[in-house]
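Q: Can you read through this structure? Questions will come right after.
The values are calculated or read from the model by the stated rules, or taken from the named source; none is laboratory data. Please read these numbers as outputs of a predicted model, since none were measured by experiment. Here Cβ is always computed from backbone atoms with ideal geometry, including for glycine, and neighbour counts include all displayed protein chains. To get the accessible areas, we keep the full protein, side chains included, count just its heavy atoms, and leave off ligands, DNA and RNA. Shrake-Rupley method; radii C 1.70, N 1.55, O 1.52, S 1.80 Å.
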Amino acid sequence: QDGRSSFIGHQLGGVMEVPNSKDQRVKSARAIQITYYLQTYGSVTQDLIGEKWESEFCKLMHKMQLDHQDLQLYSLASFSLWKDFHQTSLLARGKILVSLMLILLTATLSSSMKDCLRSKPFLGLLGVLTICISSVTAAGIFFITDGKYNSTLLGIPFFAMGHGTKGVFELLSGWRRTRENLPFKDRVADAYSDVMVSYTMTSSLYFIAFGMGASPFTNIEAVKVFCQNMCVSILLNYFYIFSFFGSCLVFAGQLEQNRYHSIFCCKIPSAEYLDRKPVWFQTMMNDGHHHTSHHETNPYQHHFIQHFLREHYNEWITNIYVKPFVVILYLIYASFSFMGCLQINDGANIINLLASESPSVSYALIQQKYFSNYSPVIGFYIYEPLEYWNGTVQEDLKTLSQGFNTVSWIEQYYQYLRVGNISATNKSDFISILQSSFLKKPEFQHFKNDIIFSKAGDENNIIASRLYLVARTSENTQREAVELLEKLRPLSLIQSIKFIVFNPTFVFMDHYGLSVTMPVLISGFGILLVLILTFFLVIHPLGNFWLILSVTSIELGVLGLMTLWNVDMDCISILCLIYTLNFAIDHCAPLLYTFVLATEHTRTQCIKNSLQEHGTAILQNVSSFLIGLIPLLFVPSNLTFTLFKCLLLAGSCTLLHCFVILPVFLTFFPPSKKHHKKKKRAKRKEREEIECIEIQENPDHVTAV
């Protein structure tokens with residue numbers, strides 16, 4: 001129209017060319033992309049009017065889609081990404097409550113026993129509620145300090161629950177390991193001394209890892225905000241478990257010592273009274289007196305998970321015929337992990353952070369399908385006066401726009417001067433012809449908005465101008481667009497022409513301009529540094545060595561497998577990788593340190609004892625954690641689906657290492673248990689000699705024994 005010529009290659013999609021045409025004429029196009037720019041002057045009123053206009057525009061497009069079923073219309077406004085990003089939190093509210101109910105149910109059932117005296121269902125329930133209270137407190141502190149909520153913070157309840165319930169179940173296991181004949185206060189003290197040291201260490205490592213993630217070294221703002229909140233949550237988690245849940249444990253211990261029912265809180269009748277009652281009453285009031293023999297020292301061994309580990313699993317996993325299959329399984333795991341790690345690439349798709357059925361996702365998918373051969377339209381803004389009539393400046397502008405298709409008033413003006421054989425080599429001629437002739441032509445009038453003039457007396461100046469650049473790219477638009485940014489931005493600092501480049505999608509690309517794995521590397525470095533510094537401070541340095549190996553194996557496994565599962569390196573997956581470091585330490589550390597400090601005759605017996613001590617708590621926590629993730633599958637959002645994938649891999653890989661890989665590999669490799677065997681023999685021989693001496697000196701003492 002009006003003889004106007006402009007490059008529209010980036011606005012046509014699914015193009016078919018006229019066959020055998022020399023100048024590549026377009027025959028048809030499957031899609032067309034049209035961009036509208038709203039003019040605002042920076043005022044709040046103008047912004048509100050613009051937002052209202054965009055809202056009405058989107059409604060109109062939706063109405064037109066309903067009226068014209070033969071057309072597919074997709075719209076994207078400036079507020080669409082923000083709206084669809086925050087929609088995830090609205091969609092996930094109900095599912096998070098369902099997740100909480102499932103975790104409560106799993107924790108309650110896994111803490112129960114047939115023994116009504118020693119069963120602790122309410123402690124499992126109160127443990128989960130303790131974590132919920134601490135998370136609500138952390139959220140309150142966040143909002144009081146003017147924190148801005150966003151959908152990435154949905155991961156905090158799951159992260160906090162995974163760490164907090166581990167402390168709860170470890171305290172319950174510590175309580176089961178205490179002697180029943182002790183007063184309940186001493187039993188609580190023994191449980192605390194047994195568990196809280198390791199829980200304090202793992203909480204500190206959580207704090208260090210997320211503290212490093214919240215440091216200025218992290219280049220993603222969303223990760224910083226998340227890590228800051230996570231640090232507060234971990235701190236509150238620790239104090240709530242130490243204080244509130246500890247008092248609940250004291251109360252439950254007092255009930256057990258006074259022989260009160262663990263659910264109904266009534267006095268448990270004597271065995272003689274129960275024998276006269278119906279079977280259903282005996283089942284409800286059974287305190288284990290039928291199962292407890294005179295030689296059994298620990299009635300808690302009847303807990304179904306402990307019974308399964310002691311009687312079945314420990315013997316099976318340490319069987320010599322099972323070990324070769326475990327080694328083969330680990331080699332398969334390592335090969336897939338390594339293969340996935342080789343395929344990692346920086347950069348993520350915007351749609352992975354949005355609700356699945358949102359308009360922005362539909363728009364982005366269509367754009368990727370039809371318009372991925374061109375980069376986004378890049379605004380090139382020259383923000384200071386420039387001598388456009390100077391030949392050197394003209395050459396510099398050509399150099400900067402080389403390789404791009406340009407929509408530029410400068411090129412059109414230079415061509416207009418050449419075609420008309422008009423000379424404009426000085427400032428006054430250049431600006432005079434531009435204003436009085438070029439911009440008056442109908443085909444060039446639309447360039448008026450691209451030039452800002454100023455008048456000083458009788459003299460006009462160009463104080464700023466803009467042009468648009470479009471680059472031809474391959475299908476991998478995201479990576480190439482980021483590389484384009486990395487090339488253009490340094491030029492804006494070193495060139496004589498002062499300019500900036502911008503496109504709305506650059507806001508998201510800036511997250512991935514630097515390596516997105518930086519927060520993971522920083523957090524991992526922090527944890528490894530702490531472990532290495534404490535290498536010689538623990539009783540057995542091999543405990544730290546095995547812990548470093550296990551955590552590295554789990555982290556690389558999760559990283560490789562999530563790449564094979566098509567999970568991009570976005571802010572959610574980065575946060576999950578930071579969490580995996582701590583989750584692995586949380587579960588592997590107690591198991592490994594119990595093993596290396598054990599004094600049994602063989603490695604096999606040591607690993608059996610380690611699994612018997614900590615296996616129940618690990619299985620309770622990981623099962624509660626994984627079951628709580630299931631409702632995330634039903635949230636129609638890519639963000640929650642990414643969260644589900646990453647946390648499922650973290651929990652599964654940790655479970656695999658704790659119950660399959662470590663129990664087998666620790667029976668092959670150091671630490672050796674031979675020196676413990678020699679020490680034990682020496683002690684036994686010394687004890688026998690002392691007993692013989694006592695018998696010879698006081699023969700009457702034998703009958704007393």
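Q: How do C341, C116 stack up against each other in accessible area, from largest to smallest, with a 1.4 angstrom probe?
A: Final ranking, largest accessible area leading: C341, C116.
Q: A further question follows. Just how large is the dipole of the stretch 12-80 about the Cα centre, in debye to the nearest 20, putting +1 at every Lys and Arg Cβ and -1 at every Asp and Glu Cβ?
A: So the magnitude is around 280 debye.
Q: If you don't mind, another one. Positive end of the charge dipole of the stretch 86-214 (Lys, Arg +1 and Asp, Glu -1 on Cβ, about the Cα centre): tell me which of Y206, L90, P183 has its Cα farthest that way.
A: With unit charges placed on the Cβ atoms, the residue in question is L90.
Q: Past the 29 Å Cα-Cα mark, which pairs from K120/K224; K448/K498; K148/K645; K114/K645; K83/K166?
A: The pairs that break the limit, which is 29 Å between Cα atoms, are K120/K224; K114/K645; K83/K166.
Q: Along the Cα-to-C-beta direction of L97, a point sits 7 Å from the Cα; which residues of the stretch 631-658 have their amide N less than 16 Å from that point?
A: Counting only backbone N, you get 631-632, 635.
Q: Tell me, what is the 1.4 Å probe accessible area of I378, in Å² to the nearest 10?
A: 0 Å²
Q: When all C-alpha to C-alpha distances in the stretch 12-80 are sorted into bins of 5 Å, what percent of pairs does each bin hold, rounded to whole numbers?
A: With a bin width of 5 Å, the distribution comes to 3, 13, 16, 16, 14, 11, 10, 8, 5, 2, 1.
Q: If you roll a 1.4 Å probe over the stretch 140-276 with all protein chains in place, what percent of the accessible area is carbon or sulfur?
A: 65 percent
Q: Need one value: the accessible area of E311 in square angstrom, 1.4 angstrom probe, rounded to the nearest 10.
A: Taking all protein chains as shown, E311 has close to 90 Å².
Q: Using 0.36 nm per residue, how much length does the chain from Q415 to S21 gain when fully extended, once their Cα-Cα distance is taken away? Show your work: numbers first, answer last.
A: On the way: separation 394, 0.36 × 394 = 141.84 nm, distance 2.63 nm.
Stretched fully, the Q415-S21 segment lengthens by 139.2 nm.
Q: Pop out the carbon and sulfur fraction of the accessible area of the stretch 12-80 as a percent, whole number, probe 1.4 Å.
A: Values: 3180 of 5840 Å².
The value for the stretch 12-80 is 55 percent carbon and sulfur by accessible area.
Q: Work out how much length R179 to K114 would gain on full extension: take 0.36 nm times their residue separation and subtract the Cα-Cα distance, in nm to one decimal.
A: Working: separation 65, 0.36 × 65 = 23.40 nm, distance 1.95 nm.
Value of the extension gain: 21.5 nm.
Q: Please compute the modelled spin-label separation between V322 and E459, points set 7 Å along Cα→Cβ, answer in nm with one decimal.
A: 9.0 nm
Q: Roughly how many whole Å is it from the C-alpha centroid of the stretch 199-234 to that of the stretch 31-54?
A: Distance between centres, Cα-based: 39 Å.
Q: Give, in nm to one decimal, the length gained when the segment between L564 and Q257 is fully stretched (0.36 nm per residue of separation minus the Cα-Cα distance).
A: 105.2 nm
Q: Still on this structure, I have one more. When only the heavy atoms of the protein chains count and the probe is 1.4 Å, how do W53, W389 rank by accessible area, highest first?
A: Working: W53 120, W389 50 Å².
Result of the area sort, largest leading: W53, W389.
Q: While we're here: Using a 7 Å offset from the Cα along the Cα-to-Cβ direction at both Q72 and E387, what is the distance between the two label points in nm, to one decimal?
A: 5.4 nm
Q: Please give, to one decimal in nm, the separation of the simple spin-label points placed at Q368 and Q435, each 7 Å out from Cα toward the Cβ.
A: It is 4.9 nm.
Q: Here is a follow-up. Can you pull out the trypsin sites (Lys or Arg not before Pro) in the stretch 5-43 that DSSP calls coil and that have at most 11 other Cβ atoms within 10 Å?
A: Within the stretch 5-43, the qualifying trypsin sites (Lys or Arg not before Pro) (loop, at most 11 other Cβ atoms within 10 Å) are K22, R25.
Q: Per residue, how much accessible area does the stretch 12-80 have with a 1.4 Å probe, in Å²? Intermediate values should be presented prior to the final figure.
A: Values: 5840 Å² over 69 residues.
Each residue of the stretch 12-80 exposes 85 Å² on average to a 1.4 Å probe.
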